Amino acid sequence: MSGRRWAAVAVMLVLLGATASAPLVRYVLPEIVAIAYEIQEREIVYSWGGGHAERPGPSKGTCLGYAGKIKPCPAARTRGLDCSGFTRWVYALAHGADVLGPGNTDDHLRRMRRVSSPLPGDLVYFGKNRKKTRHVGIYLGGGRMMNAPETGAVVRVDDIDRVKGFLGFYRY
């Protein structure tokens, strides 16, 4: 782990008031935020379906179900991440295993529990309901999230209210 990541994790642990007896979540959530920022620095592009290969991480996407603004669909030739591919990769790196799996936002949400008091590192979901989600990001605190927002963009920080259809905050 880089010195910068350790520093970010240490700051988050202090902010969260973690102790030696604190639950694992207090240690994993700051790591998730630190990893998300490291990935953002790589300027990985959005690719519809990207990040859903056998192993987490950037991959070529798919044009199946694509309804983006950029035509023709660039996903099949673009190595990158979509929103759930991004959160899958970050969570896999933080947990040391592919805890969310290769599915989409609906599949990932089924592995989570809703929380009323979110902490940085929790996931924030958007959509019509729990069975029909359409976007996910990593909560950073202060109404902000890290996400892979859309074709033509890179992984970035956005205000949560930029996306319509807020469903809630969820924790693995």
Name the pairs whose Cβ atoms lie under 6 Å apart, with the first residue in segment 98-110 and within 11 Å of residue 123 (Cβ to Cβ), the second among the small types (Gly, Ala, Ser) and buried (at least 17 other Cβ atoms within 10 Å of the Cβ), and 6 or more positions between them or separate chains? 105/84; 108/84
Of 80, 121, the only residue that is touching a helix residue (DSSP H, G or I) at 6+ places or on another chain (Cβ under 8 Å) and among the small types (Gly, Ala, Ser) is 121
Can you pull out the residues in segment 38-68 that are in contact with a helix residue (DSSP H, G or I) (Cβ under 7 Å, 6 or more places away or on another chain) and either among the aromatic types (Phe, Trp, Tyr) or in a loop (DSSP other than H, G, I, E, B) (or both)? 47, 48, 49, 50, 51, 52, 56, 57, 61, 62, 63, 66
Taking the condition without any contact (Cβ under 8 Å) to a residue 60 or more places away in the chain, out of contact with any Phe, Trp or Tyr (no Cβ under 7 Å at 6 or more places or on another chain), open to solvent by less than 30 Å² (accessible area, probe 1.4 Å) and of a type outside the set (A, V, I, L, M, F, W, C), does residue 137 pass? yes
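Select from segment 56-108 the residues that are among the polar types (S, T, N, Q) and closer than 19 Å to residue 163 by Cβ and write down the one among them that is nearest to the chain's Cα centre (by Cα).
Filtering first and then ranking leaves 87.
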Residues located in segment 4-60, provided they are at pLDDT below 90 and either closer than 26 Å to residue 76 by Cα or touching a Gly at 6+ places or on another chain (Cβ under 7 Å) (or both): none
Go through segment 158-168 and report how many residues are surrounded by fewer than 19 Cβ atoms within 10 Å (Cβ to Cβ) and in contact with a strand residue (DSSP E or B) (Cβ under 8 Å, 6 or more places away or on another chain). 7
Could you tell me which residue of segment 43-60 is farthest from residue 154 (Cα to Cα), considering only residues that are without any contact (Cβ under 8 Å) to a residue 60 or more places away in the chain and either of a type in the set (Lys, Arg) or open to solvent by 20 Å² or more (accessible area, probe 1.4 Å) (or both)? 54
Considering residues that are within 13 Å of the chain's Cα centre (by Cα) and in contact (Cβ under 8 Å) with a residue 60 or more places away in the chain, the number found within segment 113-134 is 3
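The values are calculated or read from the model by the stated rules, or taken from the named source; none is laboratory data. These figures come from a predicted structure and were not determined experimentally. Reconstructed Cβ throughout: ideal geometry from the backbone, glycine too, with neighbour counts over all protein chains shown. SASA here: full protein model, heavy atoms, side chains in, ligands and nucleic acids out. Shrake-Rupley method; radii C 1.70, N 1.55, O 1.52, S 1.80 Å.
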